[in-house]
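The values are calculated or read from the model by the stated rules, or taken from the named source; none is laboratory data. As the structure is a computational prediction, the values presented were derived from the model and not from experiment. Here Cβ is always computed from backbone atoms with ideal geometry, including for glycine, and neighbour counts include all displayed protein chains.
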């Protein structure tokens with residue numbers, strides 16, 4: 001095989017020993033897990049917002065963002081649960097571009113996966129410590145999940161990964177909610193197949209072991225829009241889309257039928273300001289139908305300190321180097337509006 005070995009990666013145990021999670025933070029994380037699961041089980045009527053930068057490439061800026069988010073969380077805690085979006089692995093449509101902090105801990109320097117794994121764990125520990133908010137990350141590489149499994153309260157499986165067998169099977173063994181995005185084709189049946197696959201038990205090979213999983217009853221669907229054959233975005237957040245999706249979900253008779261709506265990506269056509277209008281429209285649709293009120297329980301919002309995006313070789317503080325994001329002022333205002341409206 002034409003693989004050049006660069007360096008041996010640390011084991012899960014070695015990383016956790018080098019970057020431990022203090023006991024009081026493990027308690028906080030467990031409390032957050034319980035609160036979030038209660039929403040999925042209809043034991044808590046609060047709404048959820050998974051909110052943060054498209055990619056977390058700068059620990060200092062990310063932690064400042066999460067600290068601000070914690071202040072908002074305190075003000076909206078009776079209506080809204082905020083989960084920081086700290087995505088450290090980034091799928092690339094053509095394989096080109098910045099692949100996240102796990103690959104490249106300093107976006108201005110060469111990739112170093114060994115250092116990246118340590119960097120992302122340090123960032124998640126620091127973020128939880130300063131904010132009390134356990135975070136979300138994308139499960140781009142299922143075998144790497146144990147590097148962060150004691151820190152995350154939510155995981156997303158992206159549109160390009162959701163049909164992959166290993167992602168589905170790994171999701172079935174996680175003890176936190178896993179959001180399965182619809183594929184880029186927009187096929188809702190494929191997306192619901194992925195949710196079902198994650199909800200049922202499996203036996204398979206994982207990280208050198210033959211394992212069994214119980215099924216993850218908190219696996220659910222995320223609507224993120226689609227792309228047609230001409231590369232044009234097709235949104236799926238409109239009322240008719242939501243009704244069709246909810247009805248299809250009910251027919252499957254799956255556990256905890258929950259829908260999140262991704263306000264960016266192909267729902268917004270990556271026009272980041274549209275996220276505000278999209279969130280408002282979804283909330284109106286949710287109030288209009290009892291089934292939607294029950295099933296639409298969260299948003300995914302791309303937001304950072306500074307609005308827009310910059311190129312990967314630039315270094316503006318608190319600004320995305322991947323997809324453009326809402327700035328802090330608009331984000332804070334939107335979160336208060338969601339809390340008042342949900």
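Key figures
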{"quantity": "Selection within segment 52-72 - more than 23 Å from residue 118 (Cβ to Cβ) and either in contact with a helix residue (DSSP H, G or I) (Cβ under 8 Å, 6 or more places away or on another chain) or part of a loop (DSSP other than H, G, I, E, B) (or both)", "calculated": "68, 69, 70, 72"}
{"quantity": "Test: residue in segment 82-94 that is crowded, with 20+ Cβ neighbours inside 10 Å, farther than 21 Å from residue 120 by Cβ and within 16 Å of the chain's Cα centre (by Cα)", "calculated": "no"}
{"quantity": "Residue ID - surrounded by the fewest Cβ atoms within 10 Å (Cβ to Cβ), chosen from residues in segment 171-192 that are out of contact with any strand residue (DSSP E or B) (no Cβ under 7 Å at 6 or more places or on another chain) and part of a helix (DSSP H, G or I)", "calculated": "189"}
{"quantity": "Pairs with Cβ under 9 Å, 6+ apart, first in segment 237-261 and on the phi > 0 side of the Ramachandran plot and in contact (Cβ under 8 Å) with a residue 60 or more places away in the chain, second in a loop (DSSP other than H, G, I, E, B) and surrounded by fewer than 15 Cβ atoms within 10 Å (Cβ to Cβ)", "calculated": "256/41; 256/42"}
{"quantity": "Hits in segment 47-65 - residues which are within 18 Å of the chain's Cα centre (by Cα) and either closer than 19 Å to residue 336 by Cα or surrounded by fewer than 22 Cβ atoms within 10 Å (Cβ to Cβ) (or both)", "calculated": "47, 48, 49, 50, 51, 52, 53, 59, 63, 65"}
{"quantity": "Filtered residue count, segment 247-275, keeping only those that are touching a helix residue (DSSP H, G or I) at 6+ places or on another chain (Cβ under 8 Å), crowded, with 24+ Cβ neighbours inside 10 Å and either in a loop (DSSP other than H, G, I, E, B) or modelled with pLDDT under 95 (or both)", "calculated": "3"}
{"quantity": "Filter result for residue 156 (in contact with a helix residue (DSSP H, G or I) (Cβ under 9 Å, 6 or more places away or on another chain) and either assigned to a loop (DSSP other than H, G, I, E, B) or buried (at least 19 other Cβ atoms within 10 Å of the Cβ) (or both))", "calculated": "no"}
{"quantity": "Residues satisfying the stated conditions in segment 284-339, i.e. under 23 Å from residue 243 (Cβ atoms) and over 20 Å from the mean Cα position of the chain (by Cα)", "calculated": "284, 285, 286, 287, 288, 289, 290, 291, 292, 293, 294"}
